[in-house]
Amino acid sequence: MIPGRRPAVWSRIDWRSDQGSALVEVIFLMVVLMLPLLFLAGSLGRLQAGAYAASAAAREAGRAYVTATDPAEAPARGASAAELVFGAHGFGDGQGTVRVSCPVTPCLAPGGTVSVEAEVDVPVPLVPDFLSGVVPTSVTMSARHSEAVDRFREP
């Protein structure tokens, strides 16, 4: 081979026929690799929002319950506080539930505790309903919180 000259094989290759194929390959790889990653990030973000919603709903429902002045209005206050939290995190009516239990009777006895369990059904985004038998279309997130009733509360 003489320095500065191309081999005969290289001179017969038509390099112009390969123009623009890198763009097609990059777009194909972006679709194949990035779409699943975006789906995963969106799903994990929604599940994290559900975990935060359940935790905050249990905490706020417990606080609203134990600060009620009238024991008859305490359940409504707790449910209302939980619904506000669920709504603030983007969950509609019926997606979240709250259960309150008290180890002692009456529930708001001074020095007692109130236990609250909150659950929220988080739909997994972009999963069609016909796949419900194969993959879960929703995940239930739950949280528990115990709130102390003020020791110096008037009975």
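Residues that are of a type in the set (Val, Ile, Thr) and either within 17 Å of the chain's Cα centre (by Cα) or not in a helix (DSSP H, G or I) (or both) within the stretch 47-70 comprise Thr67, Thr69, listed in sequence order. Scanning the stretch 124-141 for residues that are assigned to a strand (DSSP E or B) and either surrounded by fewer than 16 Cβ atoms within 10 Å (Cβ to Cβ) or on the phi > 0 side of the Ramachandran plot (or both) returns Ser138, Val139, Thr140. Provide a single number: the residues in the stretch 99-120 that are closer than 22 Å to Thr137 by Cα and out of contact with any Phe, Trp or Tyr (no Cβ under 8 Å at 6 or more places or on another chain). Of the residues in the stretch 99-120, 2 are closer than 22 Å to Thr137 by Cα and out of contact with any Phe, Trp or Tyr (no Cβ under 8 Å at 6 or more places or on another chain).
Specify the residue that is surrounded by the most Cβ atoms within 10 Å (Cβ to Cβ); the eligible residues are those in the stretch 96-111 that are in contact (Cβ under 8 Å) with a residue 12 or more places away in the chain and over 34 Å from the mean Cα position of the chain (by Cα). Let's see the steps before the verdict.
First, pick out the residues of the stretch 96-111 that are in contact (Cβ under 8 Å) with a residue 12 or more places away in the chain: 96-103, 106-111.
Subset that is over 34 Å from the mean Cα position of the chain (by Cα): 106, 109-111.
Working: Pro106: 11, Ala109: 15, Pro110: 12, Gly111: 11.
Result: Ala109.
Annotation note: Cβ proximity below 7 Å between a residue of the stretch 134-155 that is without any contact (Cβ under 8 Å) to a residue 60 or more places away in the chain and a residue that is part of a strand (DSSP E or B) and surrounded by 10 or more Cβ atoms within 10 Å (Cβ to Cβ) (sequence gap 6+ or interchain) occurs for Thr137/Pro123; Ser138/Asp121; Ser138/Val122; Ser138/Pro123; Thr140/Glu119; Thr140/Asp121.
Within the stretch 103-151, if we keep just the residues that are β-branched (Val, Ile, Thr) and at pLDDT 90 or above, the residue that is nearest to Ala54 (Cα to Cα) turns out to be Val120.
Taking the criterion of being touching a strand residue (DSSP E or B) at 6+ places or on another chain (Cβ under 6 Å), modelled with pLDDT of 95 or more, over 30 Å from Glu154 (Cβ atoms) and buried (at least 17 other Cβ atoms within 10 Å of the Cβ), would at least one residue in the stretch 83-90 satisfy it? Yes, the stretch 83-90 contains at least one residue that is touching a strand residue (DSSP E or B) at 6+ places or on another chain (Cβ under 6 Å), modelled with pLDDT of 95 or more, over 30 Å from Glu154 (Cβ atoms) and buried (at least 17 other Cβ atoms within 10 Å of the Cβ). A search for C-beta distances below 8 Å between a residue of the stretch 115-133 that is under 18 Å from Gly42 (Cα atoms) and any residue that is surrounded by fewer than 16 Cβ atoms within 10 Å (Cβ to Cβ) and of a type in the set (Phe, Trp, Tyr), counting only pairs 6+ apart in sequence or on different chains, returns Pro125/Phe39; Leu126/Phe39.
Inspection of the stretch 71-90 identifies at least one residue that is within 22 Å of the chain's Cα centre (by Cα), outside any helix (DSSP H, G or I) and more than 25 Å from Arg151 (Cα to Cα).
The values are calculated or read from the model by the stated rules, or taken from the named source; none is laboratory data. Keep in mind it's a predicted model, so treat the numbers as computed, not measured. All Cβ positions, even for glycine, are placed from backbone atoms using ideal geometry, and neighbour counts span all protein chains on display.
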